[in-house]
Amino acid sequence: MSGTGADMAIRTRNAEYTKKYNRNLLLRLLRKEPLSRAELARRMGLTRAAASLITAELIEEGIIVEMEPVAGMRGRTPTPLRINPEAGYAVGIYLNRDGCSIGITNMTENLVIQDEVKLNDIVPGRKLNFLGSAVSDLIERSGIEQKKILGIGISAPGPLNGEGGEILNPPRFDLWHNTLIGPALSEALGLPVFLENNATCLARYHQGKPEAGGSENFLLLLVDSGVGSGVISKGKILKGAGYYTSEIGHVSIDMHGRKCSCGNIGCLEAYAAMPHILYGTGYRNWEELMNNIGRDEDAVEIMYQEAEYLSAGIVTLTNLISIDTVLLTGDIWYEAGKLSPVIEELVNQRILTRNRQPVRVRSASNNAGIRILAAADVVFDRILAG
C-alpha cells in the first residue's frame with residue numbers, strides 16, 4: 001500500500017508541475033502577442049481541449065481576457081486571447097552610478113508610475129531603508145493593491161551574484177559594494193526580489209523585438225560611464241554559475257595598457273567608457289561630440305577611436321561565441337547611425353566568420369522608461385519560467 005501511495009504522490013506532483021508549466025507557457029506566449037485557442041494549442045503542443053481547459057481557468061481568474069473575434073476569415077471565426085494588463089504588476093529598479101530609477105509596470109509592459117532618485121539623496125548608512133521606503137511610497141501612490149504586485153526586479157552594473165541577490169564590486173559603484181540587496185528588500189517589503197545585470201536585462205527585453213531583427217544570437221553593448229554587455233545565445237541569456245554574466249567591459253584589449261578600476265590591465269572599459277574616451281578632449285559628453293561630426297576633425301577622430309576600441313571587444317567575443325547582431329545602447333545610442341557602420345566594418349574585417357556569418361551593428365531601442373521596463377520584466381520572466 002505504501003508503494004501505491006508513493007506512486008500516487010509522485011503522479012500528483014507530476015500533474016501539478018505539468019499544469020503549472022503549461023499555464024506559464026501559455027502566459028509567456030500571450031505576453032508577446034494575442035493568440036487564439038487553436039494557435040495556443042498548436043504552439044504548446046497540446047490538444048485543443050487541453051488548451052481550452054487552461055484558458056477557461058485563466059479567464060475565470062481574470063488573468064487573460066477574450067478580444068473581439070477576427071472577422072473576414074473562412075470557417076469558424078477565431079477569438080484571440082490576450083493578457084489582462086491589470087492581472088499583475090512588477091516593480092522595476094534601475095540602479096546606476098548617478099542614483100536610481102524606480103517604476104511599476106503591468107503585465108503588458110506599460111509603465112504605470114515612475115520616480116527618479118539622485119545619488120546625493122541616498123544616505124550610505126541607510127541606503128536599503130531608503131530604497132525600501134521609496135518602493136513602498138511608489139506602490140501607495142500608484143493605488144495598486146499590494147496583492148497584485150508580483151515582485152521586484154533590480155538591474156545594476158556587474159559583477160553581481162544574482163542567485164544570492166548580492167551586488168559585488170562593480171567599478172565606481174562603491175555605494176552598493178557587497179550589498180545583499182535582494183534578501184534585505186524581500187524581507188522589508190514581503191515580495192520576491194530578483195537581481196540582474198543591467199545590460200543583461202536590456203538584452204532580454206530586446207529579444208523578439210524588431211531592433212534585434214529576429215536574431216537568437218546577439219550582443220547588447222551598453223556604453224556610458226562603464227561598458228556592460230548582455231548576450232543572447234541560441235535564444236537564451238548567456239550565464240554562468242550563480243547568474244554571473246559576460247563582462248565584455250573587462251576583457252583586456254591592451255595587455256600593456258592602462259590599469260582599470262577593476263584591477264585588471266588594459267580593459268575595454270578603461271578606454272571606451274565615456275569618462276575615458278572624452279578625457280582631455282574638450283567635449284563634455286557624447287551627444288556634444290556627435291553633434292560636431294562633420295564640423296570638427298577631432299570629433300571624427302574620437303568617434304573612430306571609440307569604434308576601434310569597441311570593435312576590439314566585439315571581435316574577441318564573436319570569436320568565442322556565435323554572434324550575428326550587436327545592439328548599441330547607453331550614451332553611444334545618440335546618433336548611433338554614424339558610429340554603427342564604422343564598428344560594423346571594423347568587426348567584419350577581423351572576425352573569423354567574416355566570410356560565412358557577417359555581424360550586423362544597429363541601435364537598440366531607447367524609449368522612455370525602457371530601463372525600468374527591462375528590470376521589471378525580470379519578475380515576469382522568473383515567475384513565468386518553465
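The values are calculated or read from the model by the stated rules, or taken from the named source; none is laboratory data. Every value quoted in this text rests on a predicted model; they were computed, and no experiment measured them. Positions of Cβ are generated from backbone atoms using ideal geometry, with glycine treated the same way; all protein chains shown enter the neighbour counts.
Can you go through Ala374, Ala385, Ala368 and tell me which one is over 18 Å from Met303 (Cα atoms) and assigned to a helix (DSSP H, G or I)?
On the way: Ala385 fails: assigned to a helix (DSSP H, G or I); Ala368 fails: assigned to a helix (DSSP H, G or I).
Of the residues listed, the single one that is over 18 Å from Met303 (Cα atoms) and assigned to a helix (DSSP H, G or I) is Ala374.
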Give the residue that is surrounded by the fewest Cβ atoms within 10 Å (Cβ to Cβ), with candidates limited to residues of the stretch 279-306 that are touching a residue at least 24 places away in the same chain (Cβ under 8 Å) and among the aliphatic types (A, V, I, L, M). Ile293
Apart from one, (1) in a helix (DSSP H, G or I); (2) out of contact with any helix residue (DSSP H, G or I) (no Cβ under 7 Å at 6 or more places or on another chain); (3) not hydrophobic (A, V, I, L, M, F, W, C) all hold for Arg295; the odd one out is (1)
Being farther than 20 Å from Asn217 by Cα and modelled with pLDDT of 90 or more is the filter here; which residues of the stretch 340-368 pass it? Val342
Taking into account only those residues within the stretch 29-60 that are crowded, with 16+ Cβ neighbours inside 10 Å and either closer than 21 Å to Asp377 by Cβ or of a type in the set (S, T, N, Q) (or both), which is nearest to the chain's Cα centre (by Cα)? Arg31
Would you confirm whether or not the stretch 24-37 contains a residue that is closer than 25 Å to Gly190 by Cβ, assigned to a helix (DSSP H, G or I), modelled with pLDDT of 90 or more and outside the structural domain of Leu138 (by TED's automatic domain parsing)? yes
Taking the stretch 115-126 and keeping only residues that are surrounded by 16 or more Cβ atoms within 10 Å (Cβ to Cβ) and touching a residue at least 40 places away in the same chain (Cβ under 8 Å), one is left with Ile122
Looking only at the stretch 135-163, which residues are more than 19 Å from the chain's Cα centre (by Cα) and not small (Gly, Ala, Ser)? Val135, Asp137, Leu138, Ile139, Glu140, Arg141, Ile144, Glu145, Gln146, Lys147, Lys148, Ile149
